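The values are calculated or read from the model by the stated rules, or taken from the named source; none is laboratory data. Small disclaimer: the values here were computed from a predicted structure and weren't measured. With ideal geometry, Cβ positions are generated from the backbone for all residues, glycine too; neighbour counts draw on all protein chains shown. For accessibility, only protein heavy atoms count, side chains too; no ligands or nucleic acids. Shrake-Rupley method; radii C 1.70, N 1.55, O 1.52, S 1.80 Å.
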Amino acid sequence: MSFDAAAYDAFYRLSVDDPHTFWATQAKRIDWHKPFTKTLDYDKPPFAKWFVGGETNLCYNAVDRHLATRADQAALVAISTETDTEITYTYAQLYAEVNRSAAMMQALGVRQGDRVLIYMPMIAEAAFAMLACARIGAIHSVVFGGFASNSLATRIDDATPVLIISADAGSRGCHVTPYKSLLDEAIALAQHKPKHVLMVNRGLAPMKMVPERDIDYATLRAKHLNAVVPVVWLESNAPSYILYTSGTTGKPKGVLRDVGGYAVALATSMDLVFCSKAGETFFCTSDIGWVVGHSYIIYGPLLAGMTTILYEGLPIRPDASIWWSIVEKYKVTRMSSAPTAIRVLKKQPLELLQKHDLSSLKTLYLAGEPLDQTTSDWISGVLGVPVIDNFWQTETGWPTISIAKGVGDKPARSGSPGQPLYGFKGKIINEETGEECAPNEKGVVVIEGPLPPGCLQTLYGDDERFVNTYWRNFKREAYSTFDWGIRDADGYYFILGRTDDVINVAGHRLGTREIEESISSHPNVSEVAVVGVENAIKGQCAVAFVILKNAAAATPEDAHKLETEIMKVVDKRLGPIGRPSHVYFVTALPKTRSGKLLRRSIQAICEGRDPGDLSVIEDPAALQQIRAVLVTS
Ligand code: ATP
Ligand code: MG
């Protein structure tokens, strides 16, 4: 069947030219308790209200409505290679657990509109809690488990939860992190004090319970075993959750999302972006603490009537075949992960990745960081499935730039995540003039309002910050992604890095991504971070930190030879202007807990400044290494 490009484009055009008709049609994918009276209210831009007057419920759509047809189908499979457990919950069992969880929350005084902070490892109870909040109209705020106390405290103060749900501990690579003590410290630090703390005891770490405030999950659950908690029907624009951005560029922003718009956007993306069907299995390797986890571990696959995998553990423990054994066992059809995880696998023996029968797997989706072509080609070759790059943000809630294979088989283009997806009026604009850039001219990736369903409504409790942060950066009103990019003559977008990371060499502006992409085409480069460092003559110059595939090659002589080779690769692909002034070899790079490179911290160290808030860093030793190589070179 030949692909009809015109049909794909017409589909997109309808979505942005006539969003009312387009989204009213998509809204039929979910069940409405009461139909909406207006598809879109955009009377107060940039605040978009979708499906006004309609009443629905995320939990009902994710769980209850499947009971008639798939009560005995697996809904959630919770696998932990940390505790060696594997539990399957059918839709009927999930329904029962969510009702228990909802009843427990109500018993602890949680009412519609109250915030519930979920600080939990990747265990099934976390999913029950999210869905239970959705059921009773409480607003959940999941905070990545294991975040340090001060990060947690700022989120407690921002979200002011009446209840916090947590567990004794999380575990990573068999290293146990006691959450309870971190949580107690955070509550002590925070101004706001929750009324109750509900604790799941996994038996991993001792817990000191605070009398009256702290409640044991198992004890309370036993009192609500037969609970049936009615769904609270919510107006489509009622808030569903708060989720803080990763904090890569500074203070995290509390993204607030609605109910109806989010449900419709996710249900649509499950079909059109992820080509998924009810009854199939979806495996998203992210964490519930991130947006990808919210949308594609919990809500998206369940809205679609799929089986979803909740995996606690590393991709390489007990060995690098673990994910693929899950794919084989549960016949995973679609998998979603991040480039950073794939780069970890790249250093593993190939046999482990090919040990299992992967015939059920149809596509791998990657998001969260720029996907370099070398990594994409490598994993696609190893797994024998296509790889699709998804560009999106905590703010957008679902993929923004990609190829919607469910709309049509539009070909991908090397190095590009694709084109703005239906609903997103993407543009590349010149920061200074606010004018749209010509093809292949660099600018900021923006989205013109109204943002489609599923995107943030505002920043929690701060409409002004929402407007000022995202919408008032240019001479025209547009939502800034704060990413820098180009659009080619055929409408494919290329992300060149964050606007914060743009390097200005003698008046030429270069995205970190451009230089990183060319460096990673060197056969011995496994990972690379490029930052702009102050330079008296050129303004800034690029400096690269490289992790080699074959670290043994990094003897001083080899290092010098490699540095020259890498510089030549950049010269050839970008010209001398992009050539890094130095290439340093390290074995780890500083990343956020969600696996994003912390260029601002690397840059600060290179310029002798304070690297900033270290609590977001996964491995602080990586920063030490950067300091060390700068001193010794
Ligand atoms: P903060 O906004 O707090 O600084 P963050 O931007 O890292 O944190 P997220 O919302 O988790 O928080 O990440 C979104 C960002 O990740 C995007 O703006 C972009 O920079 C990057 N990103 C996501 N997907 C891709 C992709 N496919 N290609 C390139 N970059 C991507
Ligand atoms: Mg961001």
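Dividing the radius of gyration of the alpha carbons in the range 397-522 by their Kirkwood radius gives 0.98 for Rg/Rh. Note on the chain: with charges restricted to the Cβ of Lys and Arg (+1) and Asp and Glu (-1), its dipole about the Cα centre is near 500 debye.
With all protein chains in place and a 1.4 Å probe, the accessible surface of the range 494-605 carries 53 percent carbon and sulfur. For ALA218 and ASP500, what does the FRET efficiency come to when R0 = 35 Å and r is the distance between their Cβ atoms, rounded to the nearest 0.05? After rounding, the FRET efficiency stands at 0.15. Principal-axis analysis of the Cα atoms of the chain puts helix 149-159 at an angle of about 60° to the longest axis. Residues of the range 277-291 falling in the label zone of GLN348, defined by backbone nitrogen less than 15 Å from a point 7 Å along Cα to beta-carbon, are 284-286. For the residue pairs LYS329/LYS355; LYS346/LYS596; LYS362/LYS410; LYS331/LYS549; LYS362/LYS405; LYS28/LYS277, alpha carbon separations beyond 23 Å are given by LYS331/LYS549.
Each stretch of four or more DSSP H residues adds -39500 (n - 2.57); spread over every residue of the chain, this sum gives -9000 deg cm²/dmol at 222 nm.
Taking Lys and Arg as +1 and Asp and Glu as -1, the other residues whose beta-carbon sits under 14 Å from that of THR375 total -2. For the range 207-316, the carbon plus sulfur part of the accessible surface works out to 60%, probe radius 1.4 Å.
Looking at the range 250-309, the accessible area is 15 square angstrom per residue; that uses a 1.4 Å probe and ignores ligands, DNA and RNA. Which net charge results for the neighbourhood of ARG573, defined as the other residues with beta-carbon distances under 9 angstrom from its beta-carbon, given Lys and Arg at +1 and Asp and Glu at -1? That sum, taken over residues with Cβ under 9 Å, equals -2. Of the accessible area of the range 317-443, computed with a 1.4 Å probe over protein heavy atoms only, carbon and sulfur atoms account for 49 percent. Could you state the accessible area per residue of the range 21-62 in Å², with a 1.4 Å probe and every protein chain left in place? Result: 46 Å² of accessible area for each residue. Working from Cα pairs under 8 Å separated by at least six residues, relative contact order for the chain is 11 percent. Count the net charge of all other residues whose Cβ sits under 9 Å from the Cβ of ASN57, scoring Lys and Arg as +1 and Asp and Glu as -1. Combined, the nearby Lys, Arg, Asp and Glu give -2.
Taking the charge dipole of the chain about its Cα centre, with +1 at Lys and Arg Cβ atoms and -1 at Asp and Glu Cβ atoms, the residue from ALA544, LEU189, THR374 reaching farthest to the positive side is LEU189. Across every pair of non-identical alpha carbons in the range 512-551, the mean reciprocal distance, once inverted, gives a Kirkwood radius of 10.7 Å. For the range 92-226, the solvent-accessible area with a 1.4 angstrom probe is 36 square angstrom per residue. Here the range 154-313 is treated with +1 on each Lys and Arg Cβ and -1 on each Asp and Glu Cβ, and its dipole about the Cα centre works out to around 200 debye.
With R₀ fixed at 45 Å, the C-beta to C-beta distance from ILE87 to GLU464 puts the FRET efficiency at about 0.50. Overall dimensions of the chain, expressed as equivalent-ellipsoid semi-axes from the Cα gyration tensor (√(5λ), whole Å, largest first), are 37, 29, 25.
Each Cα pair under 8 Å and six or more residues apart adds its separation to the average, and for the range 371-523 the resulting relative contact order is 19 percent. The Cα-based radius of gyration and maximum Cα-Cα distance (Dmax) for the range 309-371 are 11.3, 30 Å.
Distance between the pseudo-spin-label points of ASP619 and ARG573 (7 Å out from Cα toward the beta carbon): 2.3 nm. Between MET105, ALA71, LEU225, the Cα set farthest toward the positive side of the dipole of the chain (charges on each charged residue's Cβ, about the Cα centre) is that of LEU225. For the range 203-283, the convex hull drawn through the C-alpha positions has a volume of 266 cubic angstrom per residue. Only Cα pairs under 8 Å and 6+ residues apart enter the sum, and on that basis the relative contact order of the range 53-208 stands at 20 percent.
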